[in-house]
Amino acid sequence: MSELRRYEVFLPLVFNDGRPVPVEWATDVFLQLRQRFGAASCETQIIHGMWQHHETVFRDELTRMFVDVEDTPPHRQFFVDLKERLKTQFQQIDIWITTYPIESI
């Protein structure tokens, strides 16, 4: 059995200035993940967060998407590259992507 790793992508539902992010943007990311890896999951509730960058405190409304894939360097690189694309598209200082090993039984 191969080693598995979960990647979680937290996407903003609103821009930093309070405007809503177009719904289809998150849908497109979700479909890209499903298409690339064969399966993807997402949360339907809003995740609320707060964080500080320099002197500015930001309040986030986020959705979480995740995929479980083989733990390979190409998969990791995909998410590194995805993060940079999403930071630009969603006009964010950072996009939070977490990863950790998982075991499926």
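What follows is calculated from the coordinates using simple rules that are stated; it is not laboratory data. Values in this document were obtained by computation on a predicted structure and should not be read as measured data. A quick note on method: Cβ atoms are made from the backbone with ideal geometry, for glycine too, and the neighbour counts reach across all protein chains shown.
Can you give the calculated 222 nm mean residue ellipticity of the chain, where each DSSP H run of n ≥ 4 adds -39,500 (n - 2.57) and the sum is split over every residue, rounded to the nearest 500 deg cm²/dmol?
On the way: 2 runs with 32 residues, N = 105.
Only helices count here, giving -10000 deg cm²/dmol.
Can you tell me the 0 to 90 degree angle between the C-alpha axis of helix 23-37 and the longest principal axis of the chain, rounded to 10?
20 degrees
Could you give the length gained by full extension between Glu84 and Phe58, i.e. 0.36 nm per residue of separation minus their alpha carbon distance, to one decimal place? Before the final figure, lay out the partial values.
Working: separation 26, 0.36 × 26 = 9.36 nm, distance 1.96 nm.
Length difference between fully extended and current span is 7.4 nm.
For the chain, find the longest principal axis of its Cα atoms and tell me its angle to the long axis of helix 73-89, 0 to 90°, nearest 10.
Here the helix axis deviates by roughly 20 degrees.
Within 10 Å of each candidate Cβ there may be at most 12 other Cβ atoms; applying that plus a DSSP loop requirement, which GluC sites (Glu not before Pro) in the range 11-105 survive? Numbers along the way, then the final one.
Details: sites: Glu24, Glu43, Glu55, Glu61, Glu70, Glu84, Glu103; in loops: Glu43, Glu55, Glu103.
Counting only loop positions with at most 12 other Cβ atoms within 10 Å, the GluC sites (Glu not before Pro) in the range 11-105 are Glu55, Glu103.
Looking at Leu11, Gln35, Tyr100, which one has the Cα that reaches farthest to the positive end of the dipole of the chain (charges on Cβ: Lys, Arg +1; Asp, Glu -1)?
Value computed over the given set: Gln35.
How big is the dipole moment of the chain about its Cα centre under a simple scheme where the beta carbon of each Lys and Arg is +1, that of each Asp and Glu is -1, and everything else is neutral? Debye, nearest 20, please. Let's see the in-between values first.
Values: 11 positive and 16 negative charges, 30 e Å.
Using Cβ point charges on Lys, Arg, Asp and Glu, the chain gives about 140 debye.
Give me the one-decimal nm value for the distance between modelled label points at Val14 and Gln77, 7 Å along each residue's Cα-to-Cβ direction.
The modelled label-to-label distance comes out at 3.9 nm.
Could you please rank Trp25, Trp51, placing first whichever residue has the fewest other Cβ atoms within 10 Å of its Cβ? All intermediate terms of the calculation are to be shown ahead of the outcome.
Numbers: Trp25 15, Trp51 12.
Neighbour counts put them in this order, fewest first: Trp51, Trp25.
May I ask for the net charge around Ile46, where only other residues with Cβ less than 12 Å from the Cβ of Ile46 are counted and Lys, Arg are +1 while Asp, Glu are -1? It would help to have the intermediate numbers written out before the result.
Values: positive: Arg59, Arg64; negative: Glu43, Asp60, Glu61.
Its environment carries a net charge of -1.
Using Cα springs under 10 Å in a Gaussian network model of the chain, which residue among Arg19, Arg59, Arg85 shows the largest mean-square fluctuation?
Arg19
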